[in-house]
Amino acid sequence: MTFTMQSRKLAVDGAFEFTPRVFGDERGTFVSPYQETAFLAATGHRLFRVAQTNHSNSRRGVVRGLHFTTCPPGIAKYVYCARGRVLDIALDIRVGSPTFGTSDAAVLAPETARSMYFPVGVAHAFVALEDDTVVSYMLSGEYVKEDELALSVLDPALGLQIPEDIDPIMSERDTEAPTLAEAQAAGLLPDYHKCLEIDRALRS
């Protein structure tokens with residue numbers, strides 16, 4: 001069996017979307033959401049050493065994010081949807097990045113097994129488009145509550161494409177999160193060049 005995977009460079013510098021071939025027969029389907037050869041060819045480097053995996057279950061309308069980790073330590077992510085359907089969103093919040101303030105998104109679902117790669121310093125959010133949606137992802141670092149921050153996914157300045165038929169269901173933390181401008185004024189956003197340094201160290 002030959003695994004194949006298509007890649008797309010996102011509008012956010014250093015972030016990528018991957019879509020593998022899905023094999024199906026009378027038994028069901030088989031797919032490899034992460035393939036090192038394809039990842040290396042697209043990005044020019046290997047994936048980070050995985051320190052933690054996360055798994056969330058959400059009903060339709062749940063919005064998680066925008067989340068990011070202070071840098072340092074910084075955390076990179078590789079995300080896919082194991083069940084249901086989700087709109088996955090990347091936002092560049094790295095001060096000094098050539099794509100600062102730019103966002104991109106993709107619909108992730110099991111039938112495509114599409115995945116998203118987020119380098120250090122890129123904020124992540126997703127919108128569950130169906131009940132019983134499961135999102136799984138690999139992380140370059142372990143969760144430390146004090147290092148985890150959030151931005152408002154509803155910040156009008158960002159223009160994120162939340163579907164109009166979705167009534168967002170959000171945590172108190174995400175509802176009260178600052179806008180991108182407020183977070184920048186408070187000095188909460190990561191530095192682009194520091195994020196690149198951390199990314200390189202994660203792959204060494």
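The values are calculated or read from the model by the stated rules, or taken from the named source; none is laboratory data. Just so it is clear, the model here is predicted, and its values are computed rather than measured. In this analysis, Cβ positions are derived from the backbone assuming ideal geometry, glycine residues included, and neighbour counts consider all displayed protein chains. For accessibility, only protein heavy atoms count, side chains too; no ligands or nucleic acids. Shrake-Rupley method; radii C 1.70, N 1.55, O 1.52, S 1.80 Å.
The orientation-averaged shadow of the Cα convex hull for region 1-84, equal to a quarter of the hull surface, comes to 7.8 nm².
The order of LYS194, LYS9, LYS77 by accessible area, most exposed first and with a 1.4 Å probe, is LYS9, LYS194, LYS77.
Count Lys and Arg as plus one, Asp and Glu as minus one, and take only other residues whose Cβ is under 11 Å from that of PRO98; the net charge is then -1. Ellipsoid fit via the Cα gyration tensor, the chain: semi-axes of 26, 22, 14 Å, each the root of five times an eigenvalue, largest first.
Per atom type, the chain shows carbon and sulfur on 49% of its accessible surface, probed at 1.4 Å. As a length-normalised measure over Cα pairs under 8 Å and 6 or more apart, the relative contact order of region 1-142 settles at 35 percent. Considering region 87-177 at the alpha-carbon level, its Rg and Dmax are found to be 13.7, 38 Å. With a Förster radius of 30 Å, plug the Cβ-Cβ distance of ARG200 and ALA11 into 1/(1 + (r/R0)^6) and report the FRET value to the nearest 0.05. E between ARG200 and ALA11, to the nearest 0.05, is 0.85. For THR99, the residues whose amide H sits under 5 Å from its own are ASP13, ignoring neighbours fewer than 5 places away on the same chain, with H placed 1.01 Å from N. Taking 0.36 nm per residue of separation and subtracting the Cα-Cα distance, full extension of the segment from ILE169 to THR29 would add 47.2 nm. The packing ranking of peptides 102-112, 12-22, highest mean first, is 12-22, 102-112, where packing means the average number of other beta carbon atoms within 10 angstrom of each residue. Along the Cα-to-C-beta direction of LEU40, a point sits 7 Å from the Cα; which residues of region 190-204 have their amide N less than 18 Å from that point? Residues 200-204 fall inside that zone.
The residues of the chain have, on average, 50 Å² of accessible surface per residue, using a 1.4 Å probe with all protein chains present.
Subtracting the Cα-Cα distance of ARG83 and HIS193 from their residue separation scaled by 0.36 nm leaves 36.0 nm.
Over region 143-204, one equal point on each Cα, no solvent: what is log10 I(q)/I(0) by the Debye formula at q = 0.12 Å⁻¹? Scattering profile of region 143-204, log10 relative to I(0): -0.44. Positive contributions from Lys and Arg (+1) and negative ones from Asp and Glu (-1), summed over other residues with Cβ under 10 Å from the Cβ of VAL120, come out at +2.
Calculated FRET efficiency, GLU182 to TYR143, Cβ-Cβ distance, R0 = 35 Å: about 0.90 to the nearest 0.05.
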